[in-house]
1. Tabulate in residue order the Karplus-calculated ³J(HN,Hα) for region 255-263, using 6.51 cos²θ - 1.76 cosθ + 1.60 with θ = phi - 60°, rounded to whole Hz; enter x for Gly and Pro.
2. First check a/c for region 232-318, with a ≥ b ≥ c the square roots of the eigenvalues of its C-alpha gyration tensor; if it is under 1.5, answer rounded, and if not, answer prolate when a/b is larger than b/c or oblate otherwise.
3. List His73, His45 from most exposed to least, where exposure is judged by having the fewest other Cβ atoms within 10 Å.
4. Take the Cα atoms of region 51-202, build their convex hull, and give its volume per residue in Å³.
5. Starting from the Cα of Ala229, step 7 Å along the direction of its Cβ; do the same at Arg186; then give the gap between the two resulting points in nm.
6. Over the alpha-carbon set of region 17-60, work out the extent along each principal axis and list the three values in angstrom, largest first.
7. Could you name the aspartates and glutamates whose alpha carbon sits less than 14 Å from that of Lys64, not counting residues in the same chain fewer than 8 places away?
8. Quick check on region 160-300: what does the Kirkwood estimate of hydrodynamic radius come out to from the alpha carbon pairs, in Å?
Amino acid sequence: MTVGARMRSDAQPGHLPVLFAQVMDALQVKADGIYLDGTFGRGGHARGVLEQLGPGGRLLLMDKDPEAIAYAHAMFDGDARVSVQRGSFAELAQWDATAGGLDGVLLDLGVSSPQLDVAERGFSFGKDGPLDMRMDPESGQSAAQWLARADEGEIADVLFNYGQERMSRRIARTIVARRAETPLTRTAQLAELIASVMPRARPGTDKSRIHPATRSFQAIRIHINRELADLETGLDAALARLKVGGRLAVISFHSLEDRIVKRFIAGHAKAPAGNRRLPVAQDFIPALKIVGEALRAGPEETAANPRARSAVLRVAEKLEQKPGPGTRDPGPGKSRSRFLAGPQPSCSCRDRVPGPGSRVPAFHPRVPAFERGAA
Ligand SMILES: C[S@@+](CC[C@H](N)C(=O)[O-])C[C@H]1O[C@@H](n2cnc3c(N)ncnc32)[C@H](O)[C@@H]1O
């Protein structure tokens, strides 16, 4: 039995960290290492890392959600090895505690079970609550505030780009018409409005089992929390802070996230393919090594935890970058692998994260299982 599998059984009862054994194996925790969990949640993975650290090790914990942070303080304030910081992992490099370098970074993306389960957080179309959806309810605008102000085109673009919602324009039009009569302030109100404009799915089909508001709720949540932009910045920051030999482990829950992670790792691990119309990329030096295949939960885990069905874990290891003669230094915090290869975005233009105002229809149309489970 692996270390991970052994400790999985000791995790907090009722809380099921996804792909726990695989994450522990991926991080290869060293007793005196420094690890950052950028998505603390309820600490399922963090606890596993801490149990492997000796007195000289350190565990740095981040989360945007003040409730998660309060939980982290309650659990670990007596432990001198642990430091807690409220904020986005996109800002991990600005946290002084990371300045000495990290032996491992874990990002377990998306929302936590407590966020989905508490109606007051406003994430779930299946539980009536205030239409909020912010991971940090004290910062930025709530879903209700955004839906009250955004114009029809922006709403349609968000639903389409972040939810792959084909009825995005029709839903946006109805939202704008409805809000002129009554403000949209409750999750149930929005879920009913969306259901009322969607064509009825044939009974017994996959579509009929998915709530019609699933895609729209996912899209609005991603937009309100700037999830994809944070992920792109956070990956860059993690790479900048990882020590040579340090491990990056990222669990994503839908194709938009996974595409960013996959392309980020590949963009730093493999020389870009030649394009005969562009000058030949010179001196590519990989900054990352891909560790294994993308991992998914097995049948036992998905039976116990339906949320694990759509989880994908990708792992990479930071490599030493030895510049060749005559190559320029990219500057502090910059990765040499992309610098030397010229301006190679980790996504091609077609796949780059779209923002409001842009329509990029090439996304994988599958609805993540955990979003279905959110009902
Ligand atoms: C899937 S849960 C993590 C569960 C955790 N691994 C555990 O075992 O309990 C995701 C958590 O990440 C947080 N989160 C999501 N995006 C974040 C970001 N950009 N920065 C910091 N925290 C974030 C959410 O608030 C949520 O608590």
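No lab work stands behind these numbers, since they all come straight from the coordinates. From a predicted model like this one, the values you see are computed outputs, not experimental measurements. Every residue, glycine as well, gets a Cβ built from its backbone with ideal geometry; the counts of neighbours run over all protein chains shown.
1. My calculation for region 255-263 gives 5, 5, 5, 4, 4, 5, 5, 4, 6 Hz in order.
2. Judged from the Cα gyration tensor, region 232-318 comes out prolate (a/c at least 1.5, a/b above b/c).
3. His73, His45
4. It is 157 Å³ per residue.
5. Going by the 7 Å Cα→Cβ label model, 3.2 nm.
6. 27, 19, 14
7. Asp37, Glu91, Asp108, Asp136, Glu138, Glu227, Asp230
8. 18.9
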